[in-house]
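The values are calculated or read from the model by the stated rules, or taken from the named source; none is laboratory data. Remember, it's a predicted structure, so these values are computed and weren't measured experimentally. Virtual Cβ from ideal backbone geometry, glycine too; neighbours counted across all protein chains shown. Note: areas computed on protein heavy atoms with side chains; ligands, DNA, RNA excluded. Shrake-Rupley method; radii C 1.70, N 1.55, O 1.52, S 1.80 Å.
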Amino acid sequence: MIAVIDYGVGNVFNVLKACRYVGADVQLTADPASIQKADGIILPGVGAFRSAMDRLNQQQLVPLIKDTVKRGTPFLGICLGMQMLFASSTEFGVTPGLGLIPGQVIRLPQQADLQVPQVGWNQNRLQQDDSIFRDIDGCYTYFVHSYYAECPAKYVVASVDYGVQVPAIVQRGNVYGMQFHPEKSGKVGLNLLKAFMKEVQAHDLASN
Amino acid sequence: MLAKRIIPCLDVDNGRVKKGVNFINLVDVGDPVAIAAEYERQGADELVFLDITTTNERRATMADVVEKVSQQVFMPLTVGGGIHSVAAMEKLLQAGADKIAINSAAVANPTLIRQGAAKFGSQAIVVAIDVSFDPASQQYRVFTHGGQQATALSAIDWAQRVVQLGAGELLVTSMDKDGTKSGFDLHLYQQLGQAVDVPIIASGGAGTITDFTQLYQQTNVTGALAASIFHFKELTINNVKQALANKGVPVRL
């Protein structure tokens, strides 16, 4: 079972629908026991960094998340959930994140003819050939965001060009993040969710 | 690079797509799920559903449509038509909509924009604006109620105001061009593009492939919306995108 963490922010139903469409056994939950024993974890999120972190803290989910990551459970953050993997964000003052990947979340720079937020489909360039998400190379995925992760290149699996190089997929060990919405990225997105599901199954087999 | 978007719009009446969509491979020409799936196959970047139901069950029906479509079709879905409250927005977003479009309700109650953006984020709030050029004042003017009622608002002022209130995107229809198939109102979108820095979707006037290439070469809008030319297969989304790509406009193929 993959636990989709329910912490009361954003629209998580479309993530569930997409996971179920590709055959994943997903459960929306905030229950510590369910999250603890899940084979994989998805942290969704839309909205503001600080209020999302506040909610995770209020529900005392932060130590739990860190613990499952340490035990090797495959963990996927989506959109704001991806940004929260990093050490901090500058959205409304500096707010600490989960600190699972070194780096800081900063605002997209103002540039001529490039609106902030970035809204729409952007083309991914693969940066790490051995990734479970390598099929993304050259494919478009759907982005909606005003902030992006500035992090060391070794954590960037794929990136898109939006005046600056925006990390689209990041990874550190068993922690993955997608800045775009795989659940809104058509077949490409569904295949990425399938790849994560496979990783969850492989980890589950290896640990039993 | 960010791709320019091609967005079909579907009018939904009581849960059924109005104006028989002319896809020969569809058994049920009014089924929103089948039509959405077909547009996904053709390469649509997003879908807009406009609820034109006049009975008062509209909200329940539309939520049901959105729920069903979002279980099968995985691209951004915008829903508009008769949404007057944050509660109505929430219901549609929970059903699977990604964005809510408000038009007359935003003019009547601009705070609705701020309330929606505060609760769901600016990315979820699209303000739809229907405009017509007023030769007397030499200004684009805002109309409401499906273009029936003139307002005193200038389109440029109103666009700037709604962005300040939290609109994340604008869907701007030129009533002068709508249905004419004579091309998009380039002058309008050039002015708007200077005035605001949120993404703009242009609507009204699409008739030929050249209309799309001109729109993207001469304005900075990021999306183009069309209905009948796609429904009746006068153009396919793929043809339009191929032509755009040939002209060097970035599109998702």
Kirkwood hydrodynamic radius (Cα pairs, Å) of segment B:100-148? 11.8
What is the antiparallel percent of DSSP beta bridges lying wholly in segment B:34-158, to the nearest 5? 45
Measuring from label point to label point, each 7 Å out along Cα→Cβ, what is the B:ASP157 to B:GLU67 span in nm? 4.4
Going from the alpha-carbon gyration tensor of chain A, what semi-axes, largest first and in whole Å, does one get by taking the root of 5 times each eigenvalue? 24, 20, 15
Cross-link reach from B:LYS241 to lysines, straight Cα distance under 23 Å and at least 8 residues apart if same chain, gives A:LYS184, A:LYS187, B:LYS4, B:LYS177, B:LYS181, B:LYS233
Can you give me the Kirkwood hydrodynamic radius for segment A:118-208, using every pair of distinct Cα atoms, in Å to one decimal? 13.4
Share antiparallel - DSSP beta bridges, the protein assembly as shown, percent rounded to 5: 45
For A:GLN201 and B:ASN109, what is the calculated FRET efficiency with R₀ set at 56 Å and r taken between the beta-carbons, to the nearest 0.05? 0.65
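Once you order the gyration tensor axes a ≥ b ≥ c over the Cα atoms, which shape class does segment A:1-67 get: rounded for a/c under 1.5, otherwise prolate or oblate by comparing a/b with b/c?
Oblate shape, in that a/c is at least 1.5 and b/c is the bigger or equal ratio.
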Could you give P(r) for the protein assembly as shown, binned at 10 Å from zero, as whole percent values over all Cα-Cα pairs? 4, 21, 32, 26, 13, 4, 0, 0
With +1 at each Lys and Arg Cβ and -1 at each Asp and Glu Cβ, the charge dipole magnitude of the protein assembly as shown around its Cα centre, to the nearest 20 debye, comes out at 420
Can you give the relative contact order of chain B as a percent, counting alpha carbon pairs under 8 Å and 6+ residues apart? 19
Using only the Cα atoms of segment B:91-175, build the gyration tensor, take square roots of its eigenvalues as a ≥ b ≥ c, and label the shape rounded, prolate or oblate: rounded if a/c is under 1.5, else prolate if a/b is larger than b/c, else oblate. prolate
For the modelled label position 7 Å from the Cα of B:ILE52 along Cα-to-Cβ, which residues of segment B:69-90 have backbone nitrogen atoms closer than 19 Å? B:78-83
Expressed in nm to one decimal, what extension gain is obtained for the pair A:ARG134 and A:MET1 from 0.36 nm per residue of sequence separation less their Cα-Cα distance? 45.5 nm
Remind me, what semi-axes does segment A:23-141 give for its equivalent ellipsoid, largest first in whole Å, using sqrt of 5 times each Cα gyration tensor eigenvalue? 26, 21, 13
Less than 10 Å Cβ to Cβ from A:ALA30, Lys/Arg counted +1 and Asp/Glu -1: what total charge do the surrounding residues give? -1
Count the net charge of all other residues whose Cβ sits under 9 Å from the Cβ of A:GLN123, scoring Lys and Arg as +1 and Asp and Glu as -1. +1
Per-residue Cβ counts within 10 Å, from other chains only, averaged over B:93-101: what number is that? 3
Computed accessible area, B:HIS145, all protein chains, 1.4 angstrom probe, square angstrom: 100
Whole-number percent relative contact order across segment A:20-134, with pairs defined as alpha carbons under 8 Å at least 6 apart: 19
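Which trypsin sites (Lys or Arg not before Pro) in segment A:52-81 sit in a loop by DSSP (not H, G, I, E or B) and have at most 11 other Cβ atoms within 10 Å of their own Cβ? Could the numbers behind the result be given before it?
Values: sites: A:ARG55, A:LYS66, A:LYS70, A:ARG71; in loops: A:ARG71.
Loop-located and lightly packed - A:ARG71.
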Pairs of alpha-carbon atoms within less than 8 angstrom and 6+ residues apart define the contacts here; what relative contact order does segment A:2-207 have, in percent? 20
Which order do peptides B:190-198, B:164-172 fall in by mean Cβ count within 10 Å, highest first? B:164-172, B:190-198
Would you please report the Å³ per residue occupied by the convex hull of the alpha carbon atoms in segment B:5-246? 114
Please state the charge dipole magnitude for segment B:127-189, taken about the Cα centre, from unit charges on C-beta atoms (+1 on K and R, -1 on D and E), reported in debye and rounded to the nearest 20. 0
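Considering only segment A:2-207, what is the antiparallel percent among its DSSP beta bridges, to the nearest 5?
The antiparallel fraction comes to roughly 60 percent.
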What FRET efficiency comes out for the pair A:THR90/A:ARG125, r = Cβ-Cβ distance, R0 = 30 Å, nearest 0.05? 0.75
How many Cβ atoms of partner chains, on average, are near each residue of A:178-185 if near means within 10 Å of its Cβ? 3
Rank A:ALA30, A:ALA195, A:ALA153 by mean-square fluctuation in a GNM of chain A with C-alpha springs under 10 angstrom and give only the top-ranked residue. A:ALA153
With r as the distance between the Cβ atoms of B:LYS233 and B:GLN148 and R0 = 45 Å, compute the FRET efficiency 1/(1 + (r/R0)^6) and round to 0.05. 0.90
Could you state the per residue volume, in Å³, of the convex hull enclosing the Cα atoms of segment B:125-202? 93
